[in-house]
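Comments concern the structure below.
The values are calculated or read from the model by the stated rules, or taken from the named source; none is laboratory data. Quick caveat: nothing in here was measured; it's all calculated off a predicted structure. Neighbour counts run over all protein chains shown; Cβ positions are idealised from the backbone, glycine included.
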Amino acid sequence: MADTPAPAIAAPSVRTVTPVMLVALSILGGWLVLALAAPVIAPYDPDAIDILNMLSPPSAAHWFGTDQVGRDVFSRVLFASRVDLLLCVAGVLPPLVIGTTIGLLSGYFGGLVDTVFMRIYDLTVAFPFFVLVLAIVGVLGPGLLNFILALTLVGWVSYARLVRAQVLTIRESEYIQAARCLGYPPAAILAHHVLPNAIGPVIAYAVSDAVLVMLAGASFGFLGMGAQPPLAEWGVMIADGQAFVQQAWWICLFPGLAAISLGLGFALLGDGLGQLQRRGVTA
Amino acid sequence: MPLLQLLVRRLLQLIGVLAGISLVTFLLVHMAPGDPARLLAGERASAETVAAIRSQYGLDLPLWRQFLTYLANLLSGDIGLSLRFQRPVIQLIEQFMWPTLFLTAYVLCLAIPPTVALAILGARRPGGIADQIIRLVGIAGLTIPVFWLGIMMSRFFGVSLGWFPVSGYGVGFTGHLHHLFLPAVSTAIWLVPVLTQSLRAALIEKTAADFVTAARAQGATERQIFWQTMLPNAVLPTLNLLGVMVAFMIGGAVIVETVYAVPGLGTLMVNALLGRDYYVVQGLTLVFAVSTVLITLTVDLLTAFIDPRVRL
């Protein structure tokens with residue numbers, strides 16, 4: 001670095017990034033296949049109680065052992081991946097769509113819409129994210145649907161803020177002025193010119209956000225505020241196993257590892273997309 | 001006096017945000033399904049009792065009147081009454097806040113040194129091997145569920161090795177240190193990656209700054225530039241991180257305290273949620289939000305005080 005004139009902000013070259021993203025995509029693809037094929041792959045019914053085999057350690061018959069009522073942990077981890085994957089999608093898409101729409105309007109038109117949005121943004125970020133979502137779910141009542149609802153109510157502002165910042169720079173660019181001069185209506189300009197140019201960083205953010213959503217979903221399941229037992233969900237499984245962790249560590253260990261691996265898939269993909277964005281490549 | 005102007009403007013903003021926070025926490029309880037009067041009166045109360053309670057608490061008044069009453073109560077320091085404990089929420093908070101404050105300070109002490117070290121290490125050679133490793137490990141650290149890590153650590157270090165207690169708060173300063181070690185480490189493991197990423201970015205931004213180029217043109221060695229020019233400029237971003245930390249740590253505390261049965265505000269919150277003790281939830285949400293806002297404001301003012309260029 002001694003004689004480099006301006007140490008680049010730069011990040012690793014494309015060659016070093018692509019393998020990481022490939023790893024990320026294969027993790028995500030792997031989980032998708034496992035989730036879809038869970039009924040075929042799972043050796044046992046995830047809810048089948050087997051009192052004779054309760055708390056049995058990992059073995060050839062039960063790869064991840066069994067829990068306190070003899071349910072097969074491996075089968076439950078597989079079936080839980082359906083819930084957790086769905087949770088990621090359902091927790092990211094609504095805030096993404098709502099936030100992007102409001103961010104586009106707020107950034108492009110400015111004025112009253114923008115002022116109102118910015119006040120709502122300031123107010124929302126005044127609350128610790130997790131606490132606000134938790135309080136809303138607690139008041140509405142525990143459950144996955146209310147969790148998604150609370151997440152949407154709180155989460156859209158980050159997307160809107162990000163899109164708004166993008167739109168503020170795009171709005172002044174020559175191609176937008178050209179489109180305006182040619183008499184295109186604002187709706188067409190927003191949909192065909194602003195949105196495609198603003199969406200890249202939003203997608204990268206959404207992929208990273210999926211990690212947060214997944215962890216929040218599992219945490220809510222753990223606290224008893226999200227997915228409700230006996231539904232197999234990783235957080236719920238960990239909560240179930242907590243009381244037995246001294247004798248039967250496997251009940252908690254495997255759902256946690258599953259959550260980490262899915263999280264890694266999203267996080268690495270989000271990181272890779274973010275780096276591509278910063279180098280100006282459209283994803 | 002620009003600093004005074006700044007102060008006045010921020011205080012005016014603060015009033016707006018505080019008013020907003022009280023509105024949100026007020027509406028929060030009103031979103032609850034069911035009749036609040038029925039909740040106050042209890043499951044088996046007669047219709048007359050419920051009606052009496054409704055008028056006693058002003059629940060039959062229009063919503064805006066109720067909000068004004070709520071605001072007036074807040075201003076006089078009354079943030080509600082716990083249905084379950086039959087005690088003012090403020091008293092509960094006073095009772096439960098010490099473990100949380102202790103834990104927060106503990107986490108800060110554990111998290112800041114590795115954050116600063118790792119961020120410097122990464123920023124010295126952006127894109128270098130150390131930087132790559134720190135980034136990837138950081139990403140991995142972010143994906144670990146805190147509650148799972150807590151359970152696994154208490155199983156291993158607490159039960160198997162017997163080094164640390166797995167629950168409670170302990171007695172005396174060293175007792176607190178001992179009892180809260182695992183909770184603090186669990187939180188720090190998850191906090192350090194977040195902080196390292198933003199501090200690293202701030203440091204790298206400095207490497208492209210004009211004053212670095214100027215120092216280099218004047219013939220300073222890279223070592224001198226790093227320690228004498230870049231590092232002092234990284235103090236402010238670190239300070240700003242503290243503001244960001246607070247919101248994260250409050251969220252983390254809720255989960256970590258539950259896992260380790262620490263009698264703090266997080267445990268109070270979760271129990272209130274599960275017991276549908278809405279006024280405790282409301283009061284805690286309010287207190288958490290107000291503390292976040294006040295700490296952010298303090299950090300911003302400190303930043304402006306230290307660095308006259310900052311104007312926001």
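General observations
- Of all residues in the stretch B:235-251 being surrounded by 20 or more Cβ atoms within 10 Å (Cβ to Cβ) and more than 8 Å from every other protein chain (Cβ to nearest Cβ), the one that is nearest to the chain's Cα centre (by Cα): B:Met249
- Selection within the stretch B:151-176 - outside any helix (DSSP H, G or I) and more than 14 Å from chain A (Cβ to nearest Cβ): B:Trp163, B:Phe164, B:Pro165, B:Gly168, B:Tyr169, B:Gly170, B:Val171
- Only residues that are of a type outside the set (Gly, Ala, Ser), within 20 Å of A:Leu144 (Cα to Cα) and facing another protein chain (nearest Cβ under 9 Å) were counted across the stretch A:228-267, and they come to 4.
- For B:Tyr260: the one exception among (1) touching a Gly at 6+ places or on another chain (Cβ under 9 Å); (2) of a type in the set (Phe, Trp, Tyr); (3) surrounded by fewer than 24 Cβ atoms within 10 Å (Cβ to Cβ): (3)
- Matching entry among A:Gly221, A:Gly183 (being of a type outside the set (A, V, I, L, M) and in a loop (DSSP other than H, G, I, E, B)): A:Gly183
- Number of the condition not met by B:Leu203 [criteria: (1) under 22 Å from B:Pro263 (Cβ atoms); (2) crowded, with 20+ Cβ neighbours inside 10 Å]: (1)
- Where B:Leu81 falls short, out of the listed (1) at positive phi; (2) touching a helix residue (DSSP H, G or I) at 6+ places or on another chain (Cβ under 7 Å): (1)
- In the stretch B:284-302, the residues that are more than 10 Å from B:Leu14 (Cβ to Cβ) form Cβ pairs under 8 Å with partners that are charged (D, E, K, R) and modelled with pLDDT under 90, at six or more places apart or across chains, as follows: B:Asp300/B:Arg10; B:Leu301/B:Arg10.
- The residues of the stretch B:266-283 that are of a type in the set (Gly, Ala, Ser), more than 8 Å from chain A (Cβ to nearest Cβ) and either touching a Gly at 6+ places or on another chain (Cβ under 9 Å) or under 22 Å from B:Pro183 (Cα atoms) (or both), listed by number, are B:Gly266, B:Gly283.
- Selection of first residues in the stretch A:236-257 that are touching a residue at least 60 places away in the same chain (Cβ under 8 Å) and of second residues that are surrounded by 23 or more Cβ atoms within 10 Å (Cβ to Cβ) and of a type in the set (Ser, Thr, Tyr), restricted to Cβ pairs under 9 Å at least 6 apart or on distinct chains, gives the following pairs, ordered by first then second residue: A:Ala248/A:Thr66; A:Trp250/A:Thr66; A:Ile251/A:Thr66.
- B:Leu83 meets all of the listed conditions (1) part of a loop (DSSP other than H, G, I, E, B); (2) in contact with a Lys or Arg (Cβ under 6 Å, 6 or more places away or on another chain) but one, namely (2).
- Here the condition is being modelled with pLDDT of 85 or more and over 20 Å from A:Leu223 (Cβ atoms); of B:Ile139, B:Ile151, B:Ile144, it holds for B:Ile139 alone.
- The C-beta contact set for the stretch B:19-34 (first residue more than 9 Å from chain A (Cβ to nearest Cβ) and more than 17 Å from B:Leu68 (Cβ to Cβ), second residue modelled with pLDDT of 90 or more and surrounded by 14 or more Cβ atoms within 10 Å (Cβ to Cβ), distance under 6 angstrom, 6+ apart or interchain) is empty.
- Of the residues making up the stretch B:127-185, just one is within 19 Å of B:Leu265 (Cα to Cα), without any contact (Cβ under 8 Å) to a residue 12 or more places away in the chain and surrounded by 15 or more Cβ atoms within 10 Å (Cβ to Cβ), namely B:Gly170.
- In this entry, A:Met225 is excluded by the filter for residues that are surrounded by 23 or more Cβ atoms within 10 Å (Cβ to Cβ), within 14 Å of chain B (Cβ to nearest Cβ), touching an Asp or Glu at 6+ places or on another chain (Cβ under 8 Å) and over 18 Å from A:Phe64 (Cβ atoms).
- Selection status of B:Thr143, more than 19 Å from B:Glu257 (Cα to Cα), hydroxyl-bearing (Ser, Thr, Tyr) and either assigned by TED's automatic domain parsing to the domain that holds B:Ala202 or touching a Gly at 6+ places or on another chain (Cβ under 8 Å) (or both): yes
- Figure legend. Inter-residue proximity from the stretch B:65-77: first residues part of a helix (DSSP H, G or I), second residues of a type in the set (A, V, I, L, M, F, W, C) and surrounded by 14 or more Cβ atoms within 10 Å (Cβ to Cβ), beta-carbon distance below 6 Å, spacing 6+ or different chains. Indicated pairs: B:Phe67/B:Phe26; B:Tyr70/B:Phe26.
- Condition check for A:Ala248: in a helix (DSSP H, G or I) and farther than 28 Å from A:Pro19 by Cβ: no
- Subset tally (residues that are more than 21 Å from B:Gly138 (Cβ to Cβ) and assigned to a helix (DSSP H, G or I)) for the stretch B:195-213: 4
- Of the residues making up the stretch B:266-276, none is charged (D, E, K, R), surrounded by 24 or more Cβ atoms within 10 Å (Cβ to Cβ) and closer than 16 Å to B:Arg84 by Cα.
- Flag if B:Val192 is out of contact with any Asp or Glu (no Cβ under 9 Å at 6 or more places or on another chain), within 14 Å of another protein chain (Cβ to nearest Cβ) and either at pLDDT 85 or above or in a helix (DSSP H, G or I) (or both): no
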